[in-house]
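> I'd like to ask some things about the structure below.
The values are calculated or read from the model by the stated rules, or taken from the named source; none is laboratory data. These numbers were taken from a predicted model, which means no experiment stands behind them. Virtual Cβ from ideal backbone geometry, glycine too; neighbours counted across all protein chains shown.
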There are 2 protein chains.
Amino acid sequence: MEKTTEPEVQQEPWERIEEILEETSGTSAELRDFLDELAPGETARALSRLDEGAQTEVLTALEPEHAAEIIEEMSDAQAADLLEDLSPQQAATIVDELPSNEQADILNELDKADAQAILEHMTPQDAEDARALMQYPEDSAGGIMITEFLAFDAGLTVEDVLQDLRQNSENYSDYAIQYAYVTEKDRLAGVLPLRDLLLSRPRRVLRDLMIAEPLFFRAETPLDELRYFFGEHAFLGVPTVDMDAHLIGVVLRSDVEEAAAEEANENFLKVSGIGNEELRSMPLLTRSRGRLSWLSINIVLNILAASVIAFFQDTLQEVIALAVFLPIISDMSGCSGNQAVAVSMRELTLGLVKPYEFLRVFLKEVSIGIINGASLGILIGIVAFIWKGNAWLSLVIGSAMMLNTILAVCLGGVIPLVLKSFNSDPALASGPILTTVTDMFGFFFVLGFASLMLPRLVG
Amino acid sequence: MEKTTEPEVQQEPWERIEEILEETSGTSAELRDFLDELAPGETARALSRLDEGAQTEVLTALEPEHAAEIIEEMSDAQAADLLEDLSPQQAATIVDELPSNEQADILNELDKADAQAILEHMTPQDAEDARALMQYPEDSAGGIMITEFLAFDAGLTVEDVLQDLRQNSENYSDYAIQYAYVTEKDRLAGVLPLRDLLLSRPRRVLRDLMIAEPLFFRAETPLDELRYFFGEHAFLGVPTVDMDAHLIGVVLRSDVEEAAAEEANENFLKVSGIGNEELRSMPLLTRSRGRLSWLSINIVLNILAASVIAFFQDTLQEVIALAVFLPIISDMSGCSGNQAVAVSMRELTLGLVKPYEFLRVFLKEVSIGIINGASLGILIGIVAFIWKGNAWLSLVIGSAMMLNTILAVCLGGVIPLVLKSFNSDPALASGPILTTVTDMFGFFFVLGFASLMLPRLVG
């Protein structure tokens, strides 16, 4: 294989681009030569490291087809950001070169007015297709499908099709062809895998050869169902029809998988408190504001939970050793609960558990909670005894740890299901809800038990 | 589209299977009929909800091809678990029906002796292929590639190839054909997309038609590089060669994407402290032990961090209000730091940052740390002032929060890079390291500053 990762000492592509831009102001053959050798994905990454002015310079220096390849490698938000800085004419020549579904996605990310201006400068056919696709929500079959596909009438023969393919090979050259679709009176009637075309006698008629009554999506089928469908079936693409059963596009497995992978990634970021896509090349204040909005909710919840401690100040004053254990209980309950959250989120994604199965998850978790709670409780109890030599203190800390672990594990397992069944996003909200509740109860258990046993703890 | 999600009131597939197994002991036509109507993915999910005995009953009741389709939908670990419970003969007839790369993956998951017993009962050709593939690490081109591919000598014509395809259509019917590979003296010489075969004149010779000097992998190319490669290039499959440039297999994009998606999922689980795949259908003690191993490391780290509090007990005794703020500082620093961890992990995965770029990440994070640290510090300072009316207390808490947020954000950004450059797994270790360090410093800042200002806090 070609070497695709550069050795560590070599100059990074973005550094080289900055250098070229500095040396040669204006359009530059050297820049184009350099970028020709980079893969589109590499160029996309290099662009994301440059400032806005340099990004615009690079995009305008390139041929539109090449610029489009690079744009395709970016997230829609990033691509829209870049196109906004170009003139509508320049942007339109690049957008013209994108596949139809990417056109719609990126135009949808732009302000209405900007999108309109670009559409007006696009080739009429492409603009019309893009406008049609923009009608559908981005997370539906209509929003994901491509409109470049092969369709033939059921009366044609294999020979006819092969001839058409050879004659129009130029037109079809950007098509991601895996199947030919067969229509009767313009309505979807069958599917023909390309390999069947190759493996069949030239005289055969498509109607006899095709897989009849093919599975299909309606334009409004949501992404969840598409993903589930491709998980169940090995198809590379599925035809999509409008209300009149007319074939309007093809949903490709790769596009659905890309959408799913993006969602998995977003889930991971959301769980960590990054609500929107953040790249370190974004402006400081955007990044800081994005993170702060989550942090400020969290700090309020934290203050709420800690107010339980304030309520028990007198007990704490008497047995100051308790203060050492409060953060441990809080943190460990968070850990135990988050494990259960992760397992539930994964089982939800894989479809192994349905949102309404609270009881099953609760029963499965409560036994783990008892085992792990008892283990952690005994462990922390021993530590407390070694430190202070007071068996009652051990008992207070150990039993609080045990009870709170059981609570955290059960809550952690169930919260994502509850949020999902209320159509909230479990990735974003499970963590804060879990830790607030377990912190409050954890502090309450430790300080409440201690208050009850105060004479024995002080004595 | 067909309805693929069941309405909530309907009986779940696994419930129906249990019912059938109870009603009809032994092999049952009814069971087979029921399973014929489920998609393989659905059956795989249903199986994962049954107990071991029922799983074995279901697998043995099915035709081997059908059982293989279901096995393919499972994770390798789950599949190996299931096959272990069958006799080697039964297992071998199912494994024979799997694609070559799945055979090797699943056999690798089994004990050596079990795998050996199954291999002995497989058809000799399949067993030989599987043994060859098992030589390669699972996360290398050799471990991921399939050995079912089309290869033709460069001297043949398009006509010759089409004829061969038609004559052997039966043999090729399970092949995931996207390209034909062209060889000269058995060495890889070119690639021919199937569409080019369709779009070309019958008389043309492959040598003139093929894309010469194709990109290829060596068997030992690691998964990271494969993923990077498919990120850069739009190929559906890439040929793989041995040391003598002989074509030995094809790495499919879909298999690399599947491996990548599995890793993304594992990362998410690992960050939450689930080291190995956990499903709620697994035995209780396995699940509890898996979670406890991570929890017990965490509790030790937590005790270590909390020992800082014990060190400042006298200060805490004087100003008991500080105890309320300790868990808040600990939790908020964890939140801020984990945001930076998530951004770094994502940028590492996307290749937007290289592990050696500590300094860049540090510089990018320190400014966010200052802004967010100041915001959170001022906020918590105000809360402290409202509660106790002591400006010095506000100052102590606020400045500790600010300093510790800056520390957490910088550490959170840098730790994944450091771990990655030492070839450790950032998903597993970043969290515990981060929270231990930030807890210790957080407690130290609060209690240390308070000790210095003790007279003004008590006064």
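> Is it the case, given these coordinates, that A:Arg218 is within 12 Å of another protein chain (Cβ to nearest Cβ), over 36 Å from the mean Cα position of the chain (by Cα) and either surrounded by fewer than 18 Cβ atoms within 10 Å (Cβ to Cβ) or under 30 Å from A:Asp139 (Cβ atoms) (or both)?
Working: within 12 Å of another protein chain (Cβ to nearest Cβ): yes; over 36 Å from the mean Cα position of the chain (by Cα): no; either surrounded by fewer than 18 Cβ atoms within 10 Å (Cβ to Cβ) or under 30 Å from A:Asp139 (Cβ atoms) (or both): yes.
Criteria not met by A:Arg218.
> Next question, about the same structure. Quick one: in region B:342-390, which of the residues that are modelled with pLDDT under 90 and of a type in the set (Val, Ile, Thr) is farthest from the chain's Cα centre (by Cα)?
The extreme case among them is B:Val353.
> Could you grab the pairs with beta carbons closer than 8 Å, sequence gap of 6+ or different chains, first residue in region B:369-395 and without any contact (Cβ under 8 Å) to a residue 60 or more places away in the chain and aromatic (Phe, Trp, Tyr), second one in a helix (DSSP H, G or I) and surrounded by fewer than 19 Cβ atoms within 10 Å (Cβ to Cβ)?
B:Phe385/B:Ala391
> Could you tell me which residue of region B:75-96 is nearest to the chain's Cα centre (by Cα), considering only residues that are under 23 Å from B:Glu19 (Cα atoms) and assigned to a loop (DSSP other than H, G, I, E, B)?
Only one residue fits best here, namely B:Asp85.
> Residue check: is A:Glu72 at pLDDT 85 or above and charged (D, E, K, R)? Quick ask: steps written out before the conclusion?
Values: at pLDDT 85 or above: no; charged (D, E, K, R): yes.
No: the conditions fail for A:Glu72.
> Another question, then. What single numbered condition from (1) more than 30 Å from B:Pro40 (Cβ to Cβ); (2) modelled with pLDDT of 85 or more; (3) not basic (Lys, Arg) fails to hold for A:Ile248?
(1)
> Sticking with this structure for a sec: Mind listing just one residue for me: the one in region A:343-354 that is of a type in the set (A, V, I, L, M, F, W, C) and without any contact (Cβ under 8 Å) to a residue 12 or more places away in the chain and, of those, nearest to the other protein chains (Cβ to nearest Cβ)?
Result: A:Leu352.
> Can you find a residue in region A:294-314 that is within 30 Å of A:Gln135 (Cα to Cα), surrounded by fewer than 21 Cβ atoms within 10 Å (Cβ to Cβ) and more than 8 Å from chain B (Cβ to nearest Cβ)?
Checking region A:294-314: not a single residue is within 30 Å of A:Gln135 (Cα to Cα), surrounded by fewer than 21 Cβ atoms within 10 Å (Cβ to Cβ) and more than 8 Å from chain B (Cβ to nearest Cβ).
> Looking at region A:198-209, which of its residues are facing another protein chain (nearest Cβ under 10 Å) and touching a helix residue (DSSP H, G or I) at 6+ places or on another chain (Cβ under 6 Å)?
A:Leu198, A:Leu199, A:Ser200, A:Pro202
> Just to verify a result, which residue in region B:15-60, among those that are outside any helix (DSSP H, G or I) and of a type outside the set (Ser, Thr, Tyr), is nearest to the other protein chains (Cβ to nearest Cβ)?
Restricting to residues being outside any helix (DSSP H, G or I) and of a type outside the set (Ser, Thr, Tyr), the top hit is B:Ala39.
> Still on this structure, please answer the following. Among the listed residues A:Ala141, A:Ala189, A:Ala130, which satisfies the condition of being in contact with a strand residue (DSSP E or B) (Cβ under 7 Å, 6 or more places away or on another chain), more than 14 Å from every other protein chain (Cβ to nearest Cβ), crowded, with 20+ Cβ neighbours inside 10 Å and modelled with pLDDT of 85 or more?
Every option except A:Ala189 fails the conditions.
> Given A:Glu278, A:Glu318, which one is without any contact (Cβ under 8 Å) to a residue 40 or more places away in the chain, touching a helix residue (DSSP H, G or I) at 6+ places or on another chain (Cβ under 9 Å) and either more than 7 Å from every other protein chain (Cβ to nearest Cβ) or more than 30 Å from B:Arg287 (Cα to Cα) (or both)?
Unique residue meeting the criteria: A:Glu278.
> Quick one: which of A:Glu232, A:Glu262 is out of contact with any Pro (no Cβ under 6 Å at 6 or more places or on another chain) and either more than 8 Å from every other protein chain (Cβ to nearest Cβ) or closer than 29 Å to A:Asn298 by Cβ (or both)? So that I can check it myself, show each step before the final result.
On the way: A:Glu232 fails: either more than 8 Å from every other protein chain (Cβ to nearest Cβ) or closer than 29 Å to A:Asn298 by Cβ (or both).
It is A:Glu262.
> Something else now. Return the residues of region B:97-150 that are of a type in the set (Asp, Glu) and within 20 Å of B:Leu252 (Cα to Cα); say none if nothing qualifies.
B:Glu97, B:Glu102, B:Asp105, B:Asp126, B:Asp129, B:Glu138, B:Asp139, B:Glu148, listed by residue number.
> Follow-up. Among the numbered conditions (1) surrounded by fewer than 23 Cβ atoms within 10 Å (Cβ to Cβ); (2) at pLDDT below 90; (3) over 20 Å from the mean Cα position of the chain (by Cα), tell me where A:Glu278 comes up short.
Every condition holds for A:Glu278 apart from (3).
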